[in-house]
Amino acid sequence: MSGALAELRDVSVHFPIRRGLLQREVARVRAVDGVSLSIERGEVLGLVGESGSGKSTAGRALLRLTPPTSGTVWFDGADVTRWSRARLLPMRRRLQVVFQDPDAALDPRMRVGESVAEPLDVHLRLSWPAREAKVAQLFEAVGLDAALRQRWPHEFSGGQRQRVGIARALATDPDLVVLDEPVSALDVSVQAQVLNLLADLRQQRGLAYLFIAHDLGAVAHLADRVAVMYLGRIVEIGPAENVLAAPRHPYTQALLRAVPRTDPVQAKAHGFQVLEGEIPNLRSPPTGCAFHPRCPAATPRCRVEHQALRPCGTGSKGVAVACWQAQ
Ligand SMILES: Nc1ncnc2c1ncn2[C@@H]1O[C@H](COP(=O)(O)OP(=O)(O)OP(=O)(O)O)[C@@H](O)[C@H]1O
Ligand code: SF4
Ligand SMILES: [Mg+2]
């Protein structure tokens, strides 16, 4: 076992689709298909791909919230794939999550300070003064006045609610936080502020992040390494500077050229190439390389044979690409 903090080894997560009175399995959604990735202590791994590519499911598998169909999940040198809830509890303290929608983590009937204190009550059982001091300290750590902890979620802006969500995730002093599109739901004007906060917190606390996002731009500031997912598989992984400056997989190249779909007019005006074609159905993914129906470089071989991830490039340590043409 490597010194990785958390690791997925050849993990697949398939969801059965059931129909009829007998609820017979008629098909399977291969949300995650043979994914291996590891996160070192203090490292930020960006996980990028279009909607439905399996990013959240991979994150949930790492958090042990979704059981893998096959493969193993490792945390701090231990295979935790089959650990019971009770055995997982101490690990959960060290492994937290921030979701896209801050409201999902905040109970509207609870004062925000109580939401932040909840994980403390589950894991640490502090005395009342120590608990109050810790909550105040967490509010300040995420740039909120400690007095605001008496307020209700609806009194906060989206950006402030996400700050509370981050404070809650940090309450138990985790080693790794899965950030599942933490700024996608926020106004563009506050996205940068929250990203800067996440960068500062990482520096101060030596945190590792699995940073999930749709586009490469969002992870560029933070990620040490980037993994690109397409239809449940990693198609390219490597140091961020290599993947962003010299993407080798045609899908990564297309993602880098693509601009947010929310602004197609500007995209056209600037002549950017937006990724063409529909994402195929996960129930019956294309044969060979799953990207071939959309790939400008596809050859007849790509339609029948799948290339597994393999190391590429001499000067780019640690880059692996799943494409026949990648050098
Ligand atoms: N509990 C579930 N039952 C059945 N199918 C599921 C379940 N969870 C996810 N899926 C399917 O698995 C696929 C991958 O979903 P996932 O949410 O992991 O993708 P994603 O990359 O996070 O997408 P997004 O960017 O939209 O969040 C999708 O087709 C989704 O519909
Ligand atoms: S293997 Fe072929 S179809 Fe797949 S990305 Fe490479 S060139 Fe395109
Ligand atoms: Mg998702």
The number of residues in the range 1-20 that are of a type in the set (Gly, Ala, Ser) and within 18 Å of residue 57 (Cβ to Cβ) is 2
Being within 9 Å of residue 44 (Cβ to Cβ) and either of a type in the set (Asp, Glu) or not in a helix (DSSP H, G or I) (or both) is the filter here; which residues of the range 191-222 pass it? 207, 208, 209, 210, 211, 222
Among 302, 323, 289, which is the only one that is outside any loop (DSSP other than H, G, I, E, B) and in contact with a helix residue (DSSP H, G or I) (Cβ under 9 Å, 6 or more places away or on another chain)? 302
Select from the range 42-56 the residues that are crowded, with 24+ Cβ neighbours inside 10 Å and closer than 16 Å to residue 99 by Cβ and list them in ascending order. 47, 55
Residues that are within 15 Å of ligand 3 (Cβ to nearest atom) and in contact (Cβ under 8 Å) with a residue 40 or more places away in the chain: does the range 184-206 have at least one? yes
If I ask for residues that are without any contact (Cβ under 8 Å) to a residue 40 or more places away in the chain and either in contact with a Ser or Thr (Cβ under 8 Å, 6 or more places away or on another chain) or more than 13 Å from ligand 1 (Cβ to nearest atom) (or both), which ones from the range 13-25 would you list? 19, 20, 21, 22, 23, 24
So which of 72, 66 ends up being at pLDDT 90 or above, assigned to a loop (DSSP other than H, G, I, E, B) and touching a Ser or Thr at 6+ places or on another chain (Cβ under 8 Å)? 66
In the range 227-251, the residues that are assigned to a loop (DSSP other than H, G, I, E, B) and either charged (D, E, K, R) or away from ligand 1 (no atom under 16 Å from the Cβ) (or both): 246, 247, 248, 249
Please verify whether residue 164 is of a type in the set (A, V, I, L, M) and modelled with pLDDT of 95 or more, treating the condition exactly as stated. yes
Under the condition of being under 16 Å from residue 192 (Cα atoms) and not hydrophobic (A, V, I, L, M, F, W, C), which residue from the range 215-225 is surrounded by the most Cβ atoms within 10 Å (Cβ to Cβ)? 215
Mind listing whichever residues of the range 46-78 are over 19 Å from residue 231 (Cα atoms) and hydrophobic (A, V, I, L, M, F, W, C)? 63, 65, 73, 74, 75, 78
Against the condition within 16 Å of ligand 3 (Cβ to nearest atom), free of Cβ contacts under 8 Å to residues at least 40 places away in the same chain and part of a helix (DSSP H, G or I), how does residue 61 come out, does it pass? no
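The values are calculated or read from the model by the stated rules, or taken from the named source; none is laboratory data. All values reported here derive from a predicted model rather than from experimental measurement. Neighbour counts run over all protein chains shown; Cβ positions are idealised from the backbone, glycine included.
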